[in-house]
Amino acid sequence: MSERWRTIVTTVENKPGVLARVASLFSRRGYNIHSLAVAPASDERFSRITFTVDVEGTPLDQVVKQLNKLINVVEIHELDPDQSVERELMLVTVRSDGRRRELMEIVEEFQAFVLNEGEECVMLSWSARPVRLDELEQRLRPFGIVELQRTGRVALPSLDR
């Protein structure tokens, strides 16, 4: 990931309105969220918010200080890109008419999964590092992307850190 983006993992109380307050903080301060994923934590009293922040022009410590001021925030961690594992999921529907064999070679090369096939289109799924998803997306563009959806990044610290 480039120096421009940083991944922050925040544990928050699992209560209505907490995500709205976090998003509002970013909006008021003019911070750009590049990616956002929210899910319950292992303890159902909490949720885990993983977001990738554009730190160009905005010091990361300011983001963390502002988050710490929110009452429902329990814990904040910045994940070092060299000491964490990031993944993102992509679902994509691609035109395949007349070039199915060529498309399937790319699917095999990236080890993506075929979820659904029609006469003119194929729906694929693939989970990988965001940069690898970017590469697959570029390879699929010449076929004609009908629909594309990517989740926000999720990340955990590496076990060997």
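Can you compute the charge dipole magnitude of the chain about its Cα centre, using +1 on each Lys and Arg Cβ and -1 on each Asp and Glu Cβ, nothing else charged? Give it in debye, rounded to the nearest 20. Don't jump to the answer; show the numbers that get you there.
Numbers: 22 positive and 26 negative charges, 142 e Å.
For the chain, the charge dipole is close to 680 debye.
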Write out the GluC sites (Glu not before Pro) in the range 1-75 meeting two conditions: DSSP loop, and at most 14 other Cβ atoms within 10 Å of their Cβ.
-> 3, 44, 56
Inverse of mean 1/r across different Cα pairs in the chain, Kirkwood, Å | 17.5
Can you list the trypsin sites (Lys or Arg not before Pro) in the range 13-121 that are in a DSSP coil and have 16 or fewer other beta carbons within 10 angstrom?
-> 45, 69, 99
Taking Cα atoms, how many degrees apart are the long axis of helix 100-110 and the longest axis of the chain, rounded to 10 and kept between 0 and 90?
-> 40
Rounded to the nearest 0.05, what FRET efficiency do residue 139 and residue 100 have when you use their Cβ-Cβ distance and R0 = 25 Å?
-> 0.95
One point scatterer per Cα, no solvent, Debye formula: log10 I(q)/I(0) for the range 85-157 at q = 0.19, 0.22, 0.23 Å⁻¹ comes out as -0.70, -0.91, -0.99
Identify, among 115, 67, 92, the residue whose Cα sits farthest towards the positive end of the charge dipole of the range 30-161, taking +1 on the Cβ of Lys and Arg and -1 on the Cβ of Asp and Glu, with the dipole about the Cα centre.
-> 67
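Coordinate-derived values only; no laboratory data. The model shown is predicted, which means the values in this text are computed figures rather than measured ones. When we count neighbours, we look across all protein chains shown, and the Cβ atoms used for this are built from the backbone with ideal geometry, even at glycine.
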